[in-house]
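Below is one structure, written out as structure tokens; the observations come after it.
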Amino acid sequence: MGKGKTVKHLIDKEWCKGCGICIHFCPKNVLDFDQYGKAEAIRPEDCIACKLCELRCPDLAIQIIEDQEGENEKQE
Amino acid sequence: MTTQAFNFKDYIRPRFFPHIWCPGCGHGIVLGSLLRAVHELGLDKNEIVMTSGIGCSSRISGYVDFHSLHTIHGRALSFATGVKLSQPNLKAIVPMGDGDALAIGGNHFIHAARRNIDITAIVMNNRIYGMTGGQFSPLSGSGKKATTAPYTTIDRDFDVAELAKSAGATFVARSTVYHANECKDLIKKGITHKGFSVVEILTQCPTYYGRKNKEGDAIQMMEGYKTNTAKIGSKKLEKNPDLIQRGIFVKNTDVPEYCEAYDKIIKTAMKGKA
């Protein structure tokens, strides 16, 4: 993860059908199944916010939210 | 282009979610790419009309928060033609399955292409009829198993890109759900192109096609799209010309668009009376 950056994984467990596409294609192995067979971010600190999971999630269940700490409103 | 961050919840009807598609079905990825394309083009939701026929893929029109028509099997392009002629300012997008587009709606498909009417047809090719239980479609190809072909099919398949090209479509492209970003770019180009655009997207049906043909689950089928396809003009394709080609096959802006040509005829017929 970049310096001072935090990445939030919003996963809608109601919408997720547990196909595992996001888990397989994550380059940093951030995601895994939870006890109910749904996707969960188990290593969120490793996330590089490439958003491949969000892009390929067939259930539109994942949203990646990037926050730059302490530098609000800097990006245009 | 818009500078606002993309949030798909701005473009869908969330009350219909979770959607009906099976776990791992590629149609959801096509939906995601389509919403991103619409967002990046900065289109207003009221500028878009989506008409669809019948089938798993055609359910897309119910999930998007645009003007939408869920019509009869194979006739989505005919309805879109009607809408487009009466409201030429709308962007018409037609999501279709392989059977919907080329078996039941095969005639409508070639004639919409011949007319070059400004419609974007997204052919979601999963090579099977998923909704009705896994019957083989005109895109299954020979030697494949399906519910109606337990000893493998003997029918040859269509090449959607070649068919669209020879029928006169002025924009023809192909991608896969593994290449979701490329998919989005091609849909964007298809929507902005003035004339009939065909974007074929290979998508997996793990429930019927994958299981019957031992192609594994959704993940393995997506990995297959990665290895079995190559971009037009790439080194990979040069080395192995048998791979499925991805990219833009045709982009022709010289042919008159149907609605514009029709407007001219109206003007000639009225001779300045209107």
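Here, each number is a calculation from the coordinates, and none is a lab measurement. Keep in mind that this is a model prediction, so the values were computed, not measured. Note: ideal-geometry Cβ built from the backbone for every residue, glycine included; neighbour counts use all protein chains shown.
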Among the listed pairs B:251/B:273; A:13/B:226; A:17/B:214; B:189/B:271; A:28/B:235, which are separated by more than 31 Å between their Cα atoms? B:251/B:273; B:189/B:271
Per residue of chain B, what 222 nm ellipticity follows from adding -39500 (n - 2.57) for every DSSP H run with n ≥ 4, rounded to the nearest 500? -9500 deg cm²/dmol
Restricting region B:107-180 to trypsin sites (Lys or Arg not before Pro) in coil, as DSSP defines it, with at most 15 other Cβ within 10 Å: B:156
Over the alpha-carbon set of region B:23-135, divide Rg by the Kirkwood Rh and report the Rg/Rh ratio to two decimals. 0.95
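What percent antiparallel are the DSSP beta bridges of chain B, to the nearest 5?
Here the antiparallel bridges make up roughly 20 percent for chain B.
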GNM on chain B, C-alpha springs below 10 Å: top fluctuator among B:49, B:94, B:198? B:49
The orientation-averaged projected area of the Cα convex hull of the protein assembly as shown, in nm², is 20.7
Among B:86, B:57, B:197, residue whose mean-square fluctuation peaks in a GNM of chain B (springs only between Cα atoms under 10 Å): B:86
Suppose R0 equals 41 Å; then what is the FRET efficiency for residue B:270 and residue B:70 from their Cβ-Cβ distance, rounded to the nearest 0.05? 0.70
Could you go through region B:46-53 in sequence order and give the Karplus-derived ³J(HN,Hα) for each residue, using 6.51 cos²θ - 1.76 cosθ + 1.60 with θ = phi - 60°, rounded to whole Hz, and x for Gly and Pro? 7, 8, 10, 10, 10, 10, 9, x
Approximate spin-label separation residue B:16-residue B:260, in nm, with each point projected 7 Å along Cα-to-Cβ: 3.3
Put a dot 7 Å past each Cα toward the Cβ at residue B:152 and residue A:28; how far apart are the dots in nm? 4.6
